[in-house]
Ligand code: GAL
Ligand code: CA
């Protein structure tokens, strides 16, 4: 058991003993209230594969903690179905029902202020995750937290996968040998920090390492496998086998690219394809050689950080302040996966 949790339970039992001294009647109610931690989660879109894996990790961690039996946890996961209005309603519901902490995966990352104001009025800490509020909003209140990935690092690591290949044999990347890497970019979602930062840093990394690049196209495919397939189909029509590299802001879109490439006439002369996330199907595609590599954005560690932060901050009012909760930004580092090490990650 973590030290802070031990302390938390100690404080709880002290309060419980104290309250049972002053009022025998309210004893049972007090006990129930103090030991039940209510965590409300709202995700922007439950169909998003990466988000759903963060959630299932949180659910599993919650189950483990529950079975430790020292306190109970109520976990409620709501799906905003890509609609900010739905999400705001879910926040109102969490507040009305007296939740201790809210974990919010914003639909629109520029809409954090409305939610922060609601949370602040009700004095319920809020942990945003994966879709990062702008700094100005993060600074509106001290009980606002963010858990996510290090977006710059994921972009740079995508670049590193390509650089590694290039160093071994430039012609494996620059297939037509014209001294430039012809690439296309599959972008996640307009306005999403992970999309714009990955797009920028992946290319910057290549250029900083002396690799000349030529952009043939760039399209927003909203993290979606099917949308990515459509965009890539058009590029194949236009450029045939001229595309040497597909950089995708996430794995699901990279898989969409592979879906159409496999059905096309350039099936046997596939471009290099790199993604981000490390979802199961992408690891399989790397293992069987269809995909060059990915960058794992650790859905377990992010889920764990959300859960741990939720427990810590929901009990903040009765804990002393020196327990490390002032880290308001928690960013989980990435790992590069290619054919060489994919065996360690495939389950
Ligand atoms: C990104 C992830 C995408 C998608 C998105 C949702 O970090 O790479 O696959 O899940 O978050 O906000
Ligand atoms: Ca070339």
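Every number here is computed from the coordinates shown, using simple stated rules; none is lab data. All values reported here derive from a predicted model rather than from experimental measurement. Virtual Cβ from ideal backbone geometry, glycine too; neighbours counted across all protein chains shown.
Here are the numbers for the structure shown:
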read-out: Counted residues, the range 153-191 - those being surrounded by fewer than 23 Cβ atoms within 10 Å (Cβ to Cβ) and within 13 Å of ligand 1 (Cβ to nearest atom); value: 4
read-out: Any hit, the range 296-317, residues being crowded, with 16+ Cβ neighbours inside 10 Å, farther than 30 Å from residue 141 by Cβ and within 15 Å of the chain's Cα centre (by Cα); value: yes
read-out: Residue count for the range 207-224, restricted to those that are within 18 Å of the chain's Cα centre (by Cα) and within 16 Å of ligand 2 (Cβ to nearest atom); value: 0
read-out: Residue in the range 240-254 that is within 16 Å of ligand 2 (Cβ to nearest atom) and either under 23 Å from residue 55 (Cα atoms) or out of contact with any strand residue (DSSP E or B) (no Cβ under 6 Å at 6 or more places or on another chain) (or both) present; value: yes
read-out: Residue list for the range 255-274, restricted to those being crowded, with 19+ Cβ neighbours inside 10 Å and under 21 Å from residue 50 (Cα atoms); value: 255, 256, 257, 258, 273, 274
read-out: Filter pass, residue 119 being in contact with a helix residue (DSSP H, G or I) (Cβ under 8 Å, 6 or more places away or on another chain) and under 19 Å from residue 192 (Cβ atoms); value: no
read-out: Residues within the range 235-245 that are part of a helix (DSSP H, G or I) and under 29 Å from the mean Cα position of the chain (by Cα), tallied; value: 1
read-out: Restricting the range 275-289 to residues that are surrounded by 15 or more Cβ atoms within 10 Å (Cβ to Cβ) and more than 20 Å from residue 227 (Cβ to Cβ), the residue that is farthest from ligand 1 (Cβ to nearest atom); value: 287
read-out: Matching helices (runs of 4 or more DSSP H) fully within the range 89-206 where at least 1 residues are more than 24 Å from the chain's Cα centre (by Cα) and within 16 Å of ligand 2 (Cβ to nearest atom); value: 151-168, 170-173
read-out: Test result for residue 61, surrounded by 21 or more Cβ atoms within 10 Å (Cβ to Cβ), in a helix (DSSP H, G or I) and in contact with a helix residue (DSSP H, G or I) (Cβ under 7 Å, 6 or more places away or on another chain); value: no
read-out: Yes/no for residue 227 being within 13 Å of ligand 1 (Cβ to nearest atom), in a loop (DSSP other than H, G, I, E, B), touching a helix residue (DSSP H, G or I) at 6+ places or on another chain (Cβ under 9 Å) and on the phi < 0 side of the Ramachandran plot; value: no
